[in-house]
1. If neighbour count is taken as other Cβ atoms inside 10 Å, put 53, 309 in order from fewest to most.
2. So, in Å, what gap is there between the alpha-carbon centers of segment 69-113 and segment 352-368?
3. Could you tell me the relative contact order of segment 55-272? Use alpha-carbon pairs under 8 Å, at least six residues apart, and round to a whole percent.
4. What does the extension gain come out to for residue 262 and residue 118, with contour length at 0.36 nm per residue minus their alpha carbon separation?
5. Given R₀ = 56 Å, FRET efficiency for residue 163-residue 64 by Cβ-Cβ distance, to 0.05?
6. Among 128, 61, 256, which comes first, second and so on when ranked by fewest other beta-carbon atoms within 10 Å?
7. Within a 10 angstrom radius of the beta carbon, how do 201, 211 rank from fewest other beta carbons to most?
8. Give me the log10 of I(q) over I(0) for segment 55-272 at q = 0.10, 0.19 Å⁻¹, as the Debye formula computes it from C-alpha points; what are the numbers?
C-alpha cells in the first residue's frame with residue numbers, strides 16, 4: 001500500500017506529464033473499444049435485418065449483390081424478373097408465403113419499395129420479430145398510399161396525411177419527379193433498427209401507376225400523360241418486379257426448391273439462402289475488419305510506448321529521489337516495484353478514462369449514427385471480449401513498466417548521490 005501512496009505522490013509531482021500520458025492511453029483505448037463495438041454491432045445489425053425468410057429470388061447475378069439490394073437497399077438489380085415467374089413459384093406446393101419486391105424510385109435519398117400486404121404479415125427481423133405499425137395502417141386498394149419507415153418519418157418530419165412526391169431513380173438529388181401523382185402517408189412503422197426504417201413502402205399497383213405513362217425512362221408529355229385519377233381506373237397489374245422473398249412449408253425443401261429456381265428455363269433466376277449470403281459478405285469484409293483492428297492495436301501500443309518513454313525520461317531526474325529512498329531503508333526491489341506501480345496506475349487511469357470517453361461518445365453520437373447509418377450502439381457494459389482486451393492492455397503496461405524498473409534496480413546508491421548535472 002505504501003508503494004501505491006509513493007507512486008501517486010510521485011505522479012502528482014509530475015502531474016502535467018502524467019495527465020498527458022493518461023490522456024494518450026485513454027484516446028487509444030477509446031479508439032480500440034469503439035472499433036470493436038462498431039464491428040460487433042454492425043455484424044449483429046446485419047444478421048438481425050432478416051429472419052424467417054428461407055429464400056431470396058432475383059435476376060441471376062451475384063448472391064451478395066442480390067442480398068444487398070433486396071434486403072439492405074444497397075446497389076441496384078442487374079435486371080427485373082417477370083411477374084408470371086413470381087406467380088409460378090408463389091403458387092409452388094412447397095411455398096407457404098411469398099413477398100414481391102419492386103425497387104427503383106426514391107424520396108429525398110430514401111429508397112421506395114413496392115410490395116404487397118404480405119410484406120407486413122410475413123416479413124421478420126431480429127429473432128422472428130414482426131413488423132408493427134406505430135401509427136396508422138397499411139396501404140389498401142388506393143394505389144397512392146405510402147407507409148413510412150420510422151427513420152424516414154423522423155428525419156423528414158412526416159406525419160399521417162402528409163402528401164409526398166416520389167422521384168424517379170435512387171440518386172439523392174433527382175430531376176425527374178412524379179409530381180402529378182402524390183402519395184398520402186397512411187402509416188408509420190415502429191422502429192426496427194434495420195433498413196426497413198429507411199424505406200418508403202407503397203403497393204405494387206402504386207409502383208405501376210407511377211410509371212404507367214413513362215417510356216424509356218422519361219415521362220410522357222401533353223395528351224399522353226396519365227393523371228392520378230385516370231391511373232386509378234386502369235389495370236395496374238405489374239408486369240415485372242425486382243425480387244421476391246419466399247417462406248417454405250418445410251426447411252427440408254429449401255435446397256430442392258433453390259435448385260429448381262436456379263435451373264428454371266423460363267428466365268435466368270437466382271435463389272439464395274440469406275444466412276449463407278451473409279456469411280459470404282462477412283468473409284469479404286473480414287480482411288478489412290482485421291486490418292482496422294490491427295491499426296487500433298498499434299494505436300494502443302503507441303500510447304503505452306509513450307508512457308514508457310515518459311517514465312524512462314524521468315529516471316535521470318529522479319535518481320536523487322531513488323537514492324534518498326535507498327538511504328532511508330528502501331530495498332532495490334522497492335524502487336523497482338514503485339516504477340511498476342506507477343506504470344500500472346497510469347495505464348489503469350488511461351483505461352478508465354478511455355471507457356468514460358467511449359460511453360460519452362456513444363451517448364452523444366447514438367441518435368446520429370442510427371439515423372444516418374442505421375447502426376444502433378447500445379450503452380451496455382463491456383463484453384467479455386472487451387474485458388479481455390482491457391486486461392491485455394494492463395498486462396502490457398505491467399511488462400513495459402518492468403523496463404524502467406530494471407534500470408532503477410541497477411542504479412547504485414553512490415550513483416544517485418553523486419549525480420552529475
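1. If I rank by nearby Cβ atoms, fewest first, I get 309, 53.
2. After rounding, the separation between the Cα centres reads 39 Å.
3. Rounded, it is 32 percent for segment 55-272.
4. Details: separation 144, 0.36 × 144 = 51.84 nm, distance 2.38 nm.
Fully extending the segment from residue 262 to residue 118 adds 49.5 nm.
5. That pair, residue 163 with residue 64, gives E of 0.90.
6. Working: 128 8, 61 15, 256 11.
So the residues, fewest neighbours to most, are 128, 256, 61.
7. 211, 201
8. Each listed q maps to, in turn, -0.44, -1.51.
Rule-based calculations on the coordinates, nothing more; no lab input. None of these values were measured; they are calculated from a predicted model. Methodologically, a virtual Cβ is constructed for each residue, glycine included, from the backbone with ideal geometry; neighbour enumeration extends over all protein chains shown.
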